[in-house]
Every structure is written in structure tokens, then in C-alpha cells.
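Engineer: If you scroll down you'll find the structure; I have some questions about it.
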Amino acid sequence: MHIDTLSMYFDEREINTYLIEKGKILERLEEHALHSETIPEWAYLDFEQILAHESYHIYQTLTCSLLSEYSEAKRREALVALRLLARDIGTGNKLSPSMIGLRSIYENPQNEEEEQYFSIIKKDRTEAIKQLYSRPKEGAVNVFEVIEGGAVAFQLLAQNDLTNERVKLEGKEYSIAWDTFSNRYDFDYSNEEALRYSRLTFLFLTDVYLKSKNVMTTAVTTFEEAVDLVSNLVGKLHIYKKEFVDLHVRDFEFMKSLQHVERDESNIESILDFCGTLDEDKYLQFYINIRLYSDVYKCVVPAGFPTKKVTLSNKNRAINYYLKEKFAFWDSNFCIPCILSNYTDQAKFTVMWTEFSHIQFIDDTTHAETSFENENFLLKLYDELALAILPIEENRKVQCCAEHGARIRNAVHKCMNEDSLNSKFIKAFNRSIAEIFDYE
């Protein structure tokens, strides 16, 4: 997935194969007494970890202002660049790749109005990148690394791979936030319960930390400071379990936790309704999730801390509305604690984006109605063209189609297979790539 445009580019055949396999697993689980027994290992698929990771990025984009703004800045840049390319193609002239590179279009405004518009687009993109990738202090964890660390934690918890054995993602950005947290607190990796609790604490900390960035003044400057603030929670699991045994204490602490974090009564009601669907076995984990999330929130977000709704584009607003219909608790801060309390909801969360294609919205850049599916086609085309029409001296193999795979660029530009990059280009611009770009 490209979190910068909230787009999924998985191969359709791969996804269909996964969905068929997942359907078989859900049928087996019904026979396995899903509501009363531990979920067996065969219920988890390696590919599902990637899907869980990417689905979590959707949640992050819709709940973190910095990521939402980054998503919109990159999306606008891509869509406007394609429209400008269409304008240039409309002249009937051959184009030189050295003059394009897509993003370089913004360096050649044709009038004063374009110059002003292009400067806004470039400024928004630069600011969004700075917010995500700059470090508040030398050596400190940046926001992007917290985003990726949180997505890894979710995939491991949702897919019951606490020791991260099945799908290891390469790259420092996936592990540095977790390493900062785990190096601060000693816990036993061989103790499954302790490791699950630590992963859960870390996940909730990343979520609250990112949400704290939704306002101008935050309680902490760095992620490292946030890690220090939750030191008293590391050994608190036994306290939550002890509370759970006493019905009166349980109900009191549960409601107090909800009310401390949630200021919207309707969100509290939706969580209580969800709670009523859980059996006793799942309710214990649900109780721990709610109590821990609330305590993390108390540590990082001071009392009376101002809240601010995330500003969403029309596209993301439409997706958010759809997810509110799918998950009654979607608007609550406790969304992820709820998701991780129920295997069925985890499965729905993991594949939720496969249902986005029909969602329609008014495109902010054209003010015309479009769909998630149509826009995804354009965004994927933009990313592929960004490589495919670079200057010839930077020639490299680029993805052509399922039959040919990666090929030299001149061959890619002439392929007429239905799923080829060239065919997508023809669908968008009514001319082949070879007709437009002169590499001679």
C-alpha cells in the first residue's frame, strides 16, 4: 500500500486466492467452536500479516492529522500532474522524457495562475514530508518510524506472531520505535503473556502519540519522552487481571476508563454495545485492552488536553463514513482495543479495503464525482509512469505486465497486453507511450 495516497496496489489474483483461502478458514473456525476456544495456529496466514499491516495504515491515515495531510498532499500532486500531462499530450507533439519526470511538470507553469497553484502544491508536499521525516532532536525517532512501528505491532498482535518469526520486514524504519521502547524496559521474550502485553502497550503508545500530534501544543516533544511516561504501566497486567475478578471493581474501572478518554456519549454507547457481544473469554482481553489504552492515554495526554478532529479530504471522508457503518466503534479512540478483542473483527479489519472500490466521492481536485477504484487506477499509473518515463540515461527495467514482468523500458512502451503499463496509458490518454515520448 502507498500510505501517501491511501491506495492499495496488490495483485488481484493474489488477493482473490487469499480471500478464497480465508473463507475456508472461517468455515473451519465455525466448526472449531470459535466462540469458546483459543484460535488455532492454522487460522493465521503469512500473507495476512502484510494485509493487516497495510490496513492499519488506513486507520492511521484517518486518525492522525500529519499523515492525513501527507496523504492529501501526495495525492493532489499525482492527480494534477496527470491532468497536466494530458494537456501536454493534447498538443500532439512528441515529449522529451528529460523535460518530464512527471514532477518536473511543476517547474514549468504556463501562466501566473499556474505558478501560484504549483507553488502551493510543492509547499504542501515539502511541509508534509518535513513533518513526517524530520527528527525533533538528533537521533530521535521520527513520526514516520512511529507510524511503521505501530503497523508492525498491530500485524504481530492481530496475527499471533509475537516473536516476529513469520514475516520479517527489512528496514530500520520498521523496528527503531519498538527497539527504543523494548530497550527501555526489561521483559521476558520467552514469556508469551508478558510479550503480548508489551507489544500491546507499545501499539497503544504509538496510537496515542500520533493522535497527540493532531493539536498544535502536545504533551511530549519526542517519542522517547512518551516511552518514559508509560514506565508505570509495564508491570500492571496483574493489576488489571485482579480487577477483573471483582465484578464491582471491574465495572467501576471500566466505565472510568471509557469516560476519561471518550467525551462523546455515543462512542461510549457503541463500545458498551460491542462489549455485550463478547463472551467471558474474550471479555477479559477486551477489559485489559480498554484499561491499558486509557492508562496510556492518561500518561501521554494531560487532563483537559484540547482535541481536534482530523481534517479529511472528500475521498478519506467517504472511506471513514463507510468504516463507521462497518464498525460501530470506528469513531472511538478505543477502536483498536476493540478490534484486537475479537478475531472476527480482526479479519474484517484486515480485508476492509477490498470493499472500497465502489465508494464514490467528489474529487477535491476536479470537483467531479469519481470512485475509489477509478482514482486508484490513476494513482497506480502515476507511480508506474514516474519510473517509466525518466530520461533515457536513467533507463532501467520497469514493470510491464503479468506475462513479461520487468523489461527494458522501450519494450514496455510497446506492449499491448491488457494489463500492461502501455495499455493503462492508452486507457487514460488514448495514445500509447511510444507515440508520446521520443527516446531517439
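The numbers here are math on the coordinates, done by the rules we state, and not lab data. Keep in mind that this is a model prediction, so the values were computed, not measured. Reconstructed Cβ throughout: ideal geometry from the backbone, glycine too, with neighbour counts over all protein chains shown.
Engineer: Mind jotting down the distance between the C-alpha centroids of segment 359-377 and segment 73-90, whole Å?
Structural biologist: 14
Engineer: Specify whether the C-alpha gyration tensor of segment 37-87 places it in the rounded, prolate or oblate class, a ≥ b ≥ c being the square roots of the eigenvalues: rounded for a/c under 1.5, otherwise prolate if a/b is larger than b/c and oblate if not. Before the final figure, lay out the partial values.
Structural biologist: Details: a/c = 6.72, a/b = 2.38, b/c = 2.83.
Note, shape of segment 37-87 comes out oblate.
Engineer: Stick to the Cα atoms of the chain, pair each with every other, and give me the Kirkwood hydrodynamic radius in Å at one decimal.
Structural biologist: Averaging 1/r across every pair of different Cα atoms and inverting gives 23.8 Å.
Engineer: State to the nearest 20 debye the size of the charge dipole of the chain about its Cα centre, where the only charges are +1 on K and R beta carbons and -1 on D and E beta carbons.
Structural biologist: 820
Engineer: Counting other C-beta atoms within 10 Å, which of Arg166, Arg87 has the fewest, and how do the rest follow? The partial results should precede the final answer.
Structural biologist: Values: Arg166 15, Arg87 11.
Going from sparsest to densest Cβ surroundings: Arg87, Arg166.
Engineer: Can you list residues from other chains, or at least 5 along the same chain, whose modelled amide H is less than 5 Å from the amide H of Phe437?
Structural biologist: Leu95
Engineer: Would you please put 229-242, 190-203 in order of how densely packed they are, using the mean number of other Cβ atoms within 10 angstrom per residue and starting with the highest?
Structural biologist: Highest mean packing first, the order is 190-203, 229-242.
Engineer: Any idea how far apart Glu192 and Glu373 come out in nm if each label point goes 7 Å out from Cα toward Cβ?
Structural biologist: Placing both labels 7 Å beyond Cα along the Cβ direction yields 4.2 nm.
Engineer: Convert each backbone phi in segment 233-248 into a coupling constant with the Karplus relation 6.51 cos²θ - 1.76 cosθ + 1.60 (shift: θ = phi - 60°), then list the ³J(HN,Hα) values in order as whole Hz, x for Gly and Pro.
Structural biologist: Those phi angles translate into 8, 4, x, 9, 4, 5, 5, 4, 5, 5, 4, 5, 5, 8, 4, 5 Hz.
Engineer: First measure r as the distance between the Cβ atoms of Lys256 and Tyr321, then evaluate 1/(1 + (r/R0)^6) with R0 = 30 Å and state the FRET efficiency to the nearest 0.05. Walk me through the intermediate numbers first.
Structural biologist: On the way: r = 31 Å, r/R0 = 1.02.
Approximately 0.45, to the nearest 0.05.
Engineer: Apply the Karplus curve 6.51 cos²θ - 1.76 cosθ + 1.60, θ = phi - 60°, to the phi angles in segment 271-284 and return the couplings in whole Hz, x for Gly and Pro.
Structural biologist: Ordered by residue, 3J(HN,Hα) equals 5, 5, 5, 5, 4, x, 8, 8, 7, 4, 5, 6, 5, 4 Hz.
Engineer: Write down, largest first, the equivalent ellipsoid semi-axes of segment 137-239 in whole Å, where each equals the square root of 5 times an eigenvalue of the alpha-carbon gyration tensor.
Structural biologist: Values: eigenvalues 94, 57, 29 Å².
They are 22, 17, 12 Å, listed largest first.
Engineer: So which lysines can Lys236 reach, going by Cα to Cα under 18 Å and dropping same-chain residues fewer than 8 places off?
Structural biologist: Lys256, Lys298
Engineer: Now a separate question. Sort out for me the Cα centre separation of segment 286-301 from segment 132-167, rounded to whole Å.
Structural biologist: For segment 286-301 versus segment 132-167, the Cα centre distance is 19 Å.
Engineer: Continuing with the same structure: Holding the Cα-Cα limit at 25 Å, pick out from Lys123/Lys315; Lys241/Lys324; Lys242/Lys324; Lys24/Lys348; Lys123/Lys380 the pairs that are longer than that.
Structural biologist: The pairs that break the limit, which is 25 Å between Cα atoms, are Lys241/Lys324; Lys242/Lys324.
Engineer: So for each of 50-61, 121-132 I average, over its residues, the number of other beta carbons within 10 Å; can you give me the resulting order with the highest mean first?
Structural biologist: Listed from highest to lowest mean packing, they are 50-61, 121-132.
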